[in-house]
Structures are given as C-alpha cells and as structure tokens.
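Asks: Have a look at the structure that comes next, please.
The values are calculated or read from the model by the stated rules, or taken from the named source; none is laboratory data. Given the structure is predicted, the values throughout are model-derived calculations rather than measurements. A quick note on method: Cβ atoms are made from the backbone with ideal geometry, for glycine too, and the neighbour counts reach across all protein chains shown.
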C-alpha cells in the first residue's frame with residue numbers, strides 16, 4: 001500500500017560511481033543485478049535498469065541526458081480526458097503483477113520488461129517500494145494502468161499500458177493528483193517522448209535532474225491508498 005512505510009533494505013554490494021565520472025551518453029554502466037538493495041540505491045542516484053539493445057541478458061544502468069520529467073503542475077488535462085476519467089474506477093496496488101505483466105506484453109513494440117524484471121519489481125512491490133495505479137471499466141475489467149518506484153518525494157514511472165481509450169492517461173492523471181495532494185516533488189518519466197511531451201512532460205539536463213532527485217529524497221510525504229475516480 002502506498003502509505004505504508006517500505007521495508008528497510010541493506011546496502012548494495014555495487015559501487016555507483018560519482019556523477020562527475022559518468023559518460024555524457026544515456027548509458028552509464030553495465031552489469032550488476034536486480035536485487036532490491038541494488039535497485040533502490042540506483043534510483044536514489046538517478047539511475048534505472050534496462051537491458052542493452054542487441055545484448056540480451058546484459059543489464060544496463062541508464063541516466064538519460066536530458067532526462068524526462070513531468071512537472072506536477074503541467075499535466076495537460078483535456079475535457080475529453082475528464083470525461084474518460086468519469087467512466088473509470090481507479091485503484092492503487094490491488095493487482096500490481098497484472099499491471100506489470102500487461103506492460104510486459106511481448107506484442108508491444110520495443111518491449112523490454114523480461115521475466116527477471118517482473119520478478120524483481122514484484123519483490124519491490126511486496127516490500128512497499130513499487131506501486132501500481134490500476135484503471136478498471138464499469139464491468140470491472142482492467143483497462144489500463146502504470147507502475148513505478150516511489151522513494152520519499154520521488155516517483156519514477158517505469159511503464160504504462162492501455163487496453164481501452166485514455167485508460168493509461170487516467171492512471172497518470174490519478175498519480176499526479178495523489179502526488180500533488182501529498183506534496184511529493186518529482187515525477188520521473190525517463191525519456192521525454194513525443195507522447196509524454198503532449199501530456200506536459202519536459203526534458204531537463206541530467207545535472208538538474210540529479211539535483212531534483214536530491215531534493216525529492218528529503219521529502220517524506222506519503223500517498224493515500226483510497227480509491228480515486
């Protein structure tokens with residue numbers, strides 16, 4: 001549940017180099033593992049994991065430069081999206097694994113979520129670090145959603161999906177509303193794609209993103225678990 005204190009994690013056995021040592025490119029390093037301590041340490045340092053294209057099984061640690069973020073006061077909410085939101089029921093953390101598996105659907109283009117990632121992030125969820133926002137239609141069918149990692153005032157969005165119109169956008173609208181309500185500070189969307197930019201995302205220099213992460217980690221706001229429509 002989003003408002004429960006996450007389980008403590010031990011120290012990672014991997015050393016993350018200082019940001020001043022990072023290459024200019026998005027890919028910072030390769031190797032490591034998907035243990036809970038590794039993941040949480042990476043997010044705290046502004047990194048996230050994804051396999052390297054063309055190198056199956058090789059784990060890369062990424063810090064896009066520039067970095068995509070969605071300022072919480074810039075989400076573009078159209079009248080059409082408001083109408084869509086009224087048609088759905090939104091829940092938090094009731095079916096995390098269904099959401100991540102839907103995001104991992106191999107039929108989706110550029111899929112990158114492997115079974116190892118599903119297992120690792122499901123473990124994060126069990127320990128209170130990863131969360132899902134789930135959108136259901138009036139018949140109770142899962143229509144879309146998103147998942148990501150929350151540490152203090154940071155929410156790092158990992159992936160979203162939709163099976164019905166605007167369902168992923170409704171999940172994002174709900175997440176932004178919860179974050180604003182609880183005075184969280186930073187919504188990371190990794191890369192600022194054209195789709196995310198159309199919703200209000202912007203690209204900031206890596207140095208600025210890392211400074212924002214440091215500020216967000218000092219924010220101890222807790223999200224609510226109440227349903228939102």
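Asks: Do you know which residues across segment 33-56 are modelled with pLDDT under 95 and in contact with a strand residue (DSSP E or B) (Cβ under 7 Å, 6 or more places away or on another chain)?
Replies: 51, 52
Asks: Okay, moving on. Please enumerate the residues belonging to segment 119-130 that are surrounded by fewer than 16 Cβ atoms within 10 Å (Cβ to Cβ) and either out of contact with any helix residue (DSSP H, G or I) (no Cβ under 8 Å at 6 or more places or on another chain) or within 13 Å of residue 50 (Cα to Cα) (or both).
Replies: 119, 126
Asks: Given the conditions (1) loosely packed, with under 15 Cβ neighbours inside 10 Å; (2) at pLDDT below 95; (3) in contact with a strand residue (DSSP E or B) (Cβ under 7 Å, 6 or more places away or on another chain), and given that residue 2 satisfies all but one, which numbered condition is not satisfied?
Replies: Status for residue 2: all satisfied but (1).
Asks: Separate question: Just a yes or no: is a residue in segment 161-175 in contact (Cβ under 8 Å) with a residue 12 or more places away in the chain, surrounded by 15 or more Cβ atoms within 10 Å (Cβ to Cβ), assigned to a strand (DSSP E or B) and over 14 Å from the mean Cα position of the chain (by Cα)?
Replies: Yes, segment 161-175 has at least one match.
Asks: Look through 99, 90 and report the one residue that is in contact with a helix residue (DSSP H, G or I) (Cβ under 6 Å, 6 or more places away or on another chain) and in contact (Cβ under 8 Å) with a residue 40 or more places away in the chain.
Replies: Exactly one of 99, 90 is in contact with a helix residue (DSSP H, G or I) (Cβ under 6 Å, 6 or more places away or on another chain) and in contact (Cβ under 8 Å) with a residue 40 or more places away in the chain, namely 90.
Asks: Are any residues in segment 117-152 free of Cβ contacts under 8 Å to residues at least 60 places away in the same chain, more than 14 Å from residue 91 (Cα to Cα) and in a strand (DSSP E or B), and if so, which ones?
Replies: Within segment 117-152, 130, 148 meet the criteria.
Asks: Okay, moving on. Taking residue 12 as meeting all but one of (1) surrounded by 18 or more Cβ atoms within 10 Å (Cβ to Cβ); (2) part of a helix (DSSP H, G or I), write down the number of the exception.
Replies: Answer for residue 12: the failing condition is (2).
Asks: Against the conditions (1) within 16 Å of the chain's Cα centre (by Cα); (2) more than 27 Å from residue 212 (Cα to Cα); (3) surrounded by 22 or more Cβ atoms within 10 Å (Cβ to Cβ); (4) without any contact (Cβ under 8 Å) to a residue 60 or more places away in the chain, where does residue 155 fall short? Just the number, please.
Replies: (2)
Asks: Here's something else I'd like to know. Exposed (fewer than 15 other Cβ atoms within 10 Å of the Cβ) and over 19 Å from residue 124 (Cα atoms): does that describe residue 17?
Replies: It is true that residue 17 is exposed (fewer than 15 other Cβ atoms within 10 Å of the Cβ) and over 19 Å from residue 124 (Cα atoms).
Asks: So which residues in segment 186-214 are touching a strand residue (DSSP E or B) at 6+ places or on another chain (Cβ under 9 Å) and part of a helix (DSSP H, G or I), if there are any at all?
Replies: 196, 197, 206, 208, 209, 210, 212, 213
Asks: Cβ-Cβ under 9 Å, sequence separation 6+ or interchain: first residue in segment 200-229 and on the phi > 0 side of the Ramachandran plot and buried (at least 17 other Cβ atoms within 10 Å of the Cβ), partner part of a loop (DSSP other than H, G, I, E, B) and modelled with pLDDT under 95. Which pairs?
Replies: Once the first residue is on the phi > 0 side of the Ramachandran plot and buried (at least 17 other Cβ atoms within 10 Å of the Cβ) and sits in segment 200-229, no partner that is part of a loop (DSSP other than H, G, I, E, B) and modelled with pLDDT under 95 comes close enough.
Asks: Follow-up. In the set 68, 60, which member is buried (at least 19 other Cβ atoms within 10 Å of the Cβ) and more than 17 Å from residue 155 (Cβ to Cβ)?
Replies: 60
Asks: Quick check, is residue 181 under 24 Å from residue 5 (Cα atoms), at pLDDT below 95 and surrounded by fewer than 23 Cβ atoms within 10 Å (Cβ to Cβ)?
Replies: Answer is yes for this residue.
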